[in-house]
Structures are given as structure tokens and as C-alpha cells.
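The values are calculated or read from the model by the stated rules, or taken from the named source; none is laboratory data. Keep in mind it's a predicted model, so treat the numbers as computed, not measured. Don't worry about glycine lacking a Cβ; one is built from the backbone with ideal geometry, like all the others, and counts go over all protein chains shown.
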Amino acid sequence: MIKKERNPPVKTKKNYQHPVPGRGELLARLTDVGRPLKAEQLIAELGLKGQKTRGLLVEQLHKMVQAGQIIQNRKGEYCLTRKLELVAGTVIGHPDGFGFVRRDDGEDDVYLSAREMRSVFDGDRVALRIVGLDRRGRAEGKVVEVLERGLREIAGQYIRERSIGIVVPDNPKISQRILIPQEESGSARPGQMVIAEILDYPTDIEQPTGRIVRVIGEPGKKGIATDIAIHSHAIPHEWSKSVRDEAGAFGKAVPSSAIGGRLDLRDVPLVTIDGADARDFDDAVYCEPAGNGWRLLVAIADVAHYVQAGSAIDKEATRRGTSVYFPDRVVPMLPEVLSNGLCSLNPAVDRLCMVCDMRVDADGGVTRSHFAEAVMRSHARLTYGEVGAFLVDGDSAAIKSSLRQPLGNLHELFKALLKARQRRGAIELDIPQTRISLDEDGTIREIVAVERNDAHRLIEECMIAANVQAAKFLRKHRIAGLYRVHAKPDPDRFDELRQYLLSLGLKVAHPQHVEPRQFNKLLQQVAGRPDSQAISMAMLRSLMHAEYTPTNIGHFGLSLDAYAHFTSPIRRYPDLLVHRAIRHVLRSGKAGGYIYDGSAMERLGAICSAHERRAEEATREVEAWLKCQYMEDKVGQQFSGVITGVTGFGAFVQIPEMLIDGLVHVTSLANDYYHFEAGSQSLVGERSATRYRLGDRLNVTVARVDLQTRRIDFSLADQPGKSAGGAAGGRRQRSGRR
């Protein structure tokens, strides 16, 4: 319980003209009063009247609690977090039972012991007190209050132990088991995958309890991995009645009344270029010669015209933050009438758009640009394969004649943009992506690594160009918006990579002075080496995660001083916010009177970043599950792989053709004591001096596949006792083909 301080003199009350004061004013008043206050006391302090006003104030206070600015103690009093010397943040669970708290203020994560994790779940927001350092020197915390529960439902397997029903969470970051009273088990049978609604959350002495609200099915059921991931990560996937009602009012065609006053681009041969399986098309491009360079049009679906701030669809889009793309389905950010209909730039139909019109010089520099609300009509829906066949392979039949010249212009422009990218030193990490093809019954047909062609890169460079201009627009007009920022690598994390690269004889900058172009120089140094892909992955892991924030710090990876996401408002909420900011300036001519301020953008940036991470984790889990399922009948088969990671307990090996990873555990290696060398990223045999290092190619056998943990174990296919390549220098020379 939090003790009250002795009451200081009460300052003169101030009456507010607005219904309730803003967050800053509330924090200032709590600071002036100098003690925790209940809502009624705060209302009296502020001179507020009326039940509606009280409700608005309580709602504002609740948002401040969620943001970690204040907490509500057990007496119902609101306290300043900083006065209590507390830290607010989000819990990140670990499969081994302990966890961390990602701090709201951006400082280093705080360690939570397994004991502290008993009362919280992964994803909960908490206020904690720093109590010291753990044995590794990390800040260690004690949970004081749970500010907000991150989960209402948990997916897992229902089992019975000694007549007690239990749901074992599928999410490995949740270590607690959910107790299910017999009367709350519904129709679930032991062994089935289920959804459990939490009835009582855990405490430091009691396990959580719940009721089964849905049976997903047997573990091998079609699509079950996606169902589990959706519920495990609390991804909203059903539309409320209010959202359905709003969506139903749009109709299927753009009304003529919406076109008036817009720039008419319907005769311009804009085209969309996407993957063969894409269903929502939110960007179209066109290029023509202009002076010594080109005119580039990037037209983006005008989602902001349909999704009004504060509407039911807008609130739901905020909850989702992003569309989530699973191998077997998509959980869209917007209802289908918009995502696949009115907002999708389908061919031969009128569509509202926001266009970025750019002039690009012969060196690939954008010399001027402007934005406009427009109407367009896509002249073709093209795929990367078709455009690649035309531009790279010279297959004229792949593209109809009227579009060949504009595509040729785009290709020439792309070459100039690519040179500009290389001059500024943007990182060129071209990591293959996995494509998992499924049959109609959910059976995995194939898993392949997909290489990108010039068509992919062409669209990427056009989108980057438009995104840069959007960021510059926000900055120029000083209007609240979200930038896509990418910080420099963490010095400690980069130093680990640096020590490894130095052991290979490569020249590497000091962590304090690293720049993007130095990453490219390293990539050029290792090009053609058998371990180049592993080195690229190690370099990728050393980079920070990009985020959304109204504070622009630039984008390290792209080597840009300002960058924002503008080109995908159908599937990303930050893009929609950027569109609203641009539209506001275009219509009013100034930033004043905009519906968002800096604090609102700060909150939305944190939400969008968190939802992006949620989507990435969910899709990664489903891909891992499907890869395990694919490998189940391949136990005993042999594959060629590359070591992509080394730890004290073994080496992670990837099968490059399918991007499938597995672990060669240290206990499966030849009889010896193995030690991990961080500097050279190697496991070294104490007696034999056998060395397994990052980038080594090995022949492995699939030893075990565990769907529940999504883990694949490999063993070396070479006969026991055979050297894995001897000393480090000789090992690299005798590595096999990539």
C-alpha cells in the first residue's frame, strides 16, 4: 500500500473552460497538490461539475494510467509515477520462466525474476520499482501494480491431471498453466487445442483460472496454427456490429460527388505491380521522361477519405494497427469492402488516391515534389514475375504494348535511384524470404526461398522516394505525424559482431563510429564467400528494430535524415495518419487546428510499433509451426546446411533452399568438451580442437521434430569423430557451394 504524504497547503483552484483539462494540466495539478488524490478530490480541485464531466475525467485518468504517467493505488487514489520512483512498461516473458519489462521511457529493459513473473503475463503493462542488479549486472525490478492486462483469452492445449483441468498456453512466453474448473470445461476433450477466457488473473501465490470458450480442434487440424497465433497474440479478427454497419454504407463504386475538385489522372497509364497472390493494391506508379530526368507519379489509395478519425472503423484500425499476413489467410486492418474494394486500386475502375508527383534528375535525386488529392484508373494489374520477365529477361509478350514504354522509363529511373541509394550508403541486405505454398486442404505443397528481382527493387525504390517526400512534408509544415525511425546499432550488440568480423580478418569500424556505408563495404568484402549469407544474417541481427515516433531521428538502414510510411494505408495505420496530416495541410494551408498533437502521436506511435511487433511474432510462430509440420515426415533424411548461429549449447543450422532452421545440440557432437568462443563465434572441442563456426557448411540429419515447441533438432551426418574442418582458417576454404 502506498502511504500518503502529509497534506501540503492547497493551492487556489482553477476553473477550466474545456470539459476536462489535458494530461499536462492534470500532471501539473497533481504535482502542485503534492499528494495522491481520488477522482472526486481531483474534480473538486479542478472546480469541475456534472456527471458527464466526471466520466470524461475518469476516462482521461485511465488513459494516463495506461500510458504509465500515473498509477491508481489500492485506495483508488491517483499517484504520480515519478514521485513513487516507479518505472512503467510492458512485460516480455521468457520460455524459462523469468522475463523483462520494456520501459516506456526507452531505457534498458528491466529484469524480472521467475518469482516476479508469477503474477503477470507476457504483454501486461506494469509499474515496477528498481530493486537492484541481477547477477549479470542488469537492472532488476519488483512489480508494484499491474496497469493493464494484455490478454483476455489464451490459446493452448487442454489436458487433465489427477482430475484437474488445465490449459497449457501455446505461447512459450507464458509459463503459468490455466486451471479450468470442471464446470467451465465446456465440450473440450483432453488433447484438444482450445481458447480459455481468463476468469482470475495470477497472483504471487495463486495460479490463474479460466473457462473454455472455444474448441479450436485437434492439433493437426487445417489452419490450427494460425488460429492459435491469432488468439495467443490477441490479434483482433472479428468485426463489431458498428464496424459492419459503417462498412455496409459505403457501396461498391466511387460516387461522382467524391471526384469533384480532385486532380484527374484517369488517362495517365498508372499500373500496380504486386505479388501474384496479392488482393489489396494500395500503390500505383507511372514514369515519363522530363528534361534531363523523369517525372515519377506514385499514387496511393486515399483511405483517409473513407476512414474518418474517431469512426468505428478508425477505432478498430487503431486496435489492429496493421494487416497480418499468414500463409493461409490475411487478418486485414480494414473491412473487405475497403481493403479489397473501394480502397484497392483495381484495374479499369475509378479510385480516389493521394498522389506524390516528383521530378527526379539524372543522378536519382528528387529535385521537387508536391502532393495532391486525385482520382485515377489503374491501366493494369501487373505481377513482379511479369514485369521481371519483361525488364530482365526481355520477354516483350509478358506486357501489353501500351505499357512497355512507361515500364522502360521506370526501369531507367530505377537505375538512377539505385545509384543514388548506393552513393548515400544505404544498407544493401538482400535477405531471401520464405514462401509457403498450401493446397486447398491445408497440406504444405512446398517451402522455398524467394529471391527478389528488379521488379521488386523498382517498386521498393519508388515507394522509398515517395515516403521520403512525405517525411519532408511533415517536417516542413511542422505538423504532428509519425516518422519511421531506425536508430544506430546498439554499441554492445554491434561490438559482438565486430569481434567476430575482426576474427575473419575484416576491417570493421568502432561501434561509436559505425555508419551505413561501412555495412555495405563489409558486404562487398564477403561477397562470394561461402559464409556470406550467414555474415549477412549476423549483421542484420546487430541492427535495431525500426519504430514509429513523432520525434524524427532519421533512418540508419536507409541512410536518410527523414523517412515516413505513406505508401500502404490499407494495411498500416501509421500511413493513414500521414495521409491525414498531408490532407489537413493541403486543405487548410497550415498545421494549426489539426486534430492530433504531439502527445497523441507519441501514444499512437507506441501502439503502432507494438502492433507491428505483435504481427511479426505471430507470423513467425505460424511459419515455424508449418516448417516443423513439413519436416515431420523427413526425420532421418539428410540435408546440406549452413551454421547461422552459435551458442554455448550448440549450433543453429539453416537449410538454405527452404530457410528452415534447426539446432545441432552440443551433446550430439563427437565425444569432447566444447567451449563457446564469442570473438570467433565458434564452438571448439577441448581435446580435438574441432571447430564449428558461423558460416560453416555441414551435412545434417533431421533427428527430431517437436510441433509443440516448434523446434527441429539436427545431428551431424558425418561419421562420429570426423573433424568438422579443423582450424578456422582452413575451414572457410573447404566449405562447399552456397
Being crowded, with 22+ Cβ neighbours inside 10 Å, in contact with a helix residue (DSSP H, G or I) (Cβ under 8 Å, 6 or more places away or on another chain) and modelled with pLDDT of 90 or more narrows it down to one of 154, 178, 174, so name that one.
154
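Within region 524-534, is even one residue basic (Lys, Arg), assigned to a helix (DSSP H, G or I) and outside the structural domain of residue 316 (by TED's automatic domain parsing)?
Among the residues of region 524-534, not one is basic (Lys, Arg), assigned to a helix (DSSP H, G or I) and outside the structural domain of residue 316 (by TED's automatic domain parsing), which makes the answer no.
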Just to be sure before I move on: is residue 500 at pLDDT 80 or above, outside any loop (DSSP other than H, G, I, E, B), in contact with a Phe, Trp or Tyr (Cβ under 9 Å, 6 or more places away or on another chain) and not basic (Lys, Arg) in the structure I sent?
no
Checking residue 572 against (1) at pLDDT below 80; (2) crowded, with 20+ Cβ neighbours inside 10 Å, only one condition comes out false. Which one?
(1)
Of all residues in region 474-526, count the ones that are under 26 Å from residue 608 (Cα atoms) and either in contact with a Cys (Cβ under 9 Å, 6 or more places away or on another chain) or touching a residue at least 40 places away in the same chain (Cβ under 8 Å) (or both).
18
For residue 429, indicate whether it is surrounded by fewer than 19 Cβ atoms within 10 Å (Cβ to Cβ), of a type in the set (A, V, I, L, M) and touching a helix residue (DSSP H, G or I) at 6+ places or on another chain (Cβ under 9 Å).
yes
Conditions first: (1) in contact with a Gly (Cβ under 7 Å, 6 or more places away or on another chain); (2) in a strand (DSSP E or B). Residue 328 passes all but one, so which condition is the exception?
(2)
Return yes when residue 586 is out of contact with any Cys (no Cβ under 8 Å at 6 or more places or on another chain), in a helix (DSSP H, G or I), touching a residue at least 40 places away in the same chain (Cβ under 8 Å) and farther than 30 Å from residue 445 by Cβ and no when it is not.
yes
Does region 514-532 contain at least one residue that is under 17 Å from the mean Cα position of the chain (by Cα) and not hydroxyl-bearing (Ser, Thr, Tyr)?
no
Given the structure, is residue 546 assigned by TED's automatic domain parsing to the domain that holds residue 477, crowded, with 16+ Cβ neighbours inside 10 Å and within 27 Å of residue 106 (Cα to Cα)?
no
Subset of region 127-154 (residues that are within 17 Å of residue 94 (Cα to Cα) and assigned to a strand (DSSP E or B)):
139, 140, 141, 142, 143, 154
Condition first: part of a loop (DSSP other than H, G, I, E, B), of a type in the set (A, V, I, L, M), surrounded by 12 or more Cβ atoms within 10 Å (Cβ to Cβ) and within 34 Å of the chain's Cα centre (by Cα). Can you find one or more residues in region 286-303 that meet it?
no
Of all residues being in contact with a helix residue (DSSP H, G or I) (Cβ under 7 Å, 6 or more places away or on another chain) and not hydrophobic (A, V, I, L, M, F, W, C) in region 247-273, which is surrounded by the fewest Cβ atoms within 10 Å (Cβ to Cβ)? Just the residue, please.
252
Filtered residues of region 519-531 (kept if surrounded by fewer than 20 Cβ atoms within 10 Å (Cβ to Cβ) and touching a Gly at 6+ places or on another chain (Cβ under 8 Å))
520, 529, 530
Among the residues of region 43-53, are any closer than 26 Å to residue 150 by Cβ and more than 36 Å from the chain's Cα centre (by Cα)?
no
Is one or more of the residues making up region 582-597 in the same structural domain as residue 461 (by TED's automatic domain parsing), within 22 Å of residue 306 (Cβ to Cβ) and under 18 Å from the mean Cα position of the chain (by Cα)?
no
Just the residues that are surrounded by 17 or more Cβ atoms within 10 Å (Cβ to Cβ) and modelled with pLDDT of 95 or more, please, taken from region 229-246.
239, 243, 246
Neighbours by Cβ (under 7 Å, 6+ apart or cross-chain): first from region 362-381, in contact (Cβ under 8 Å) with a residue 12 or more places away in the chain; second acidic (Asp, Glu) and assigned to a strand (DSSP E or B)
369/357; 370/357; 372/357; 375/264; 375/350; 377/350
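Answer yes or no as to whether residue 400 is farther than 19 Å from residue 386 by Cβ and basic (Lys, Arg).
Details: farther than 19 Å from residue 386 by Cβ: no; basic (Lys, Arg): yes.
It is false that residue 400 is farther than 19 Å from residue 386 by Cβ and basic (Lys, Arg).
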If you scan region 378-392, which residues turn out to be over 32 Å from the mean Cα position of the chain (by Cα) and either of a type in the set (Gly, Ala, Ser) or under 13 Å from residue 286 (Cα atoms) (or both)?
379
